[in-house]
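The values are calculated or read from the model by the stated rules, or taken from the named source; none is laboratory data. Remember, predicted model here, so these are calculated numbers, not experimental data. A quick note on method: Cβ atoms are made from the backbone with ideal geometry, for glycine too, and the neighbour counts reach across all protein chains shown. Calculation scope for accessible area: heavy atoms of the full protein, side chains included, ligands and nucleic acids excluded. Shrake-Rupley method; radii C 1.70, N 1.55, O 1.52, S 1.80 Å.
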Amino acid sequence: MYSKTSKSAHANLGLSVDELKVALGTAPEVNNSSSYSNAFGTNFAKNACHNNQRTQHDEESAIKKMPGEIIYRDSSTFLKGTQSSNPHNDYCQHFVDTGQRPQNFIRDVGLADRFEEYPKLRELIRLKDKLIQDTASAPMYLKADLKVLDLKTLGTKFDVILIEPPLEEYSRAAPSVATVGGAPRIFWNWDDILNLDVGEVAAHRSFVFLWCGSSEGLDMGRNCLKKWGFRRCEDICWIRTNINKPGHSKQLEPKAVFQRTKEHCLMGIKGTVRRSTDGDFIHANVDIDLIISEEDEFGSFEKPIEIFHIIEHFCLGRRRMHLFGRDSSIRPGWLTVGPELINSNFNAELYQTYFAEAPATGCTSRIESLRPKSPPANSKILRGRGRGFPRGRGRPR
């Protein structure tokens, strides 16, 4: 035991066992301790100096042998979280360094590859998209000033109303973009939006989807839903990525510290609609309340096309209206109304004939067997805490 310890201590530190005891303060006192300590101190200092010189020589040799290799002597490089070889998944710092937003690294967010690992759900989406396409009415559009237009003159009660107002918030985010088609762009404040007569053209059971930005719109949007006779039931969040053009926005709201990279779309419900019993009108739990997609060029007010997919998958009603739409958002199965449209083809009498026989898209037996269903009313899940919604990345609708 003694010889083994002695060899190990001597090999690692260049010390004998007795010298190691002195260094640790465990050696017994002797009369000549002072001279012994001095001798040990001198010897230890020489050994330490020799070891330091040897370590420095080894490092210099390594650098000479591999000049292109980065040598990390401590963890300071890694703890910075910058563009190092190991950023420790610090996506916030990575955004500061490179302009790449953290949401850029979320996988499988596109419509094409989202359900690759879920074959039944992928088939359900495919069948629903085909049914929606087959039952969609011809697209109609109406160029009109919504501050003047009386929505009741459209002559239809709608199942779904999508509202995409040009908020003043957008003008603060992009003040240099204030024209459309050569004409000044008119931004709306929340008092103007509140005065829209949306409740008069909504069917007895219907849904409204209101894009409300990312600041005061969350509160003002709720006030609009309440005035129009809707109850807020969901908040769809659009997370904007900048994979194609990473960078930092130079346009910030007054007194803003952080950059806003998301927008909200409030969803309201009118009437009584139960997901467990009204399968003829809604199909719940098909999509989630989260959209992750690339933002358009600076100054663009386009919203992600996925909002149309979410609405069409959810509500089977075919009478759909899009307020503040543009030529780029004209879509089969929708009536698009807005001041930025170039032409109009809306005919109230013809439009009503589209829904005389089939006001809803209907459902096939295969879709019914594939779609997620809510538990029945007497299920134990509903008797427990909460309403039986699964929790996770986005609550299913």
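A few points about this structure:
- Only residues that are exposed (fewer than 13 other Cβ atoms within 10 Å of the Cβ) and either touching a residue at least 12 places away in the same chain (Cβ under 8 Å) or over 24 Å from L316 (Cβ atoms) (or both) were counted in the range 113-128, giving 4.
- Scanning the range 212-256 for residues that are acidic (D, E) and either assigned to a strand (DSSP E or B) or open to solvent by less than 80 Å² (accessible area, probe 1.4 Å) (or both) yields E216, E234, D235, E253.
- Among (1) in contact (Cβ under 8 Å) with a residue 24 or more places away in the chain; (2) open to solvent by 40 Å² or more (accessible area, probe 1.4 Å), the one test that D191 misses: (1)
- The residue pairs whose first member lies in the range 198-209 and is outside any helix (DSSP H, G or I), whose second member is open to solvent by 10 Å² or more (accessible area, probe 1.4 Å) and among the hydroxyl-bearing types (S, T, Y), and whose beta carbons are closer than 8 Å, counting only pairs six or more residues apart or on different chains, are R205/T272.
- Which numbered condition G394 misses (of (1) at pLDDT 95 or above; (2) open to solvent by less than 30 Å² (accessible area, probe 1.4 Å); (3) in a loop (DSSP other than H, G, I, E, B)): (1)
- Within the range 309-340, the set of residues being open to solvent by 10 Å² or more (accessible area, probe 1.4 Å) and basic (K, R) comprises R318, R319, R326, R331.
- Count - residues of the range 257-308 that are more than 26 Å from K245 (Cα to Cα) and surrounded by 15 or more Cβ atoms within 10 Å (Cβ to Cβ): 18
- For R326, the stated conditions do not hold, so it cannot be described as of a type in the set (K, R) and modelled with pLDDT of 95 or more.
- Condition check for G213: at positive phi, in contact with a helix residue (DSSP H, G or I) (Cβ under 9 Å, 6 or more places away or on another chain) and not aromatic (F, W, Y): yes
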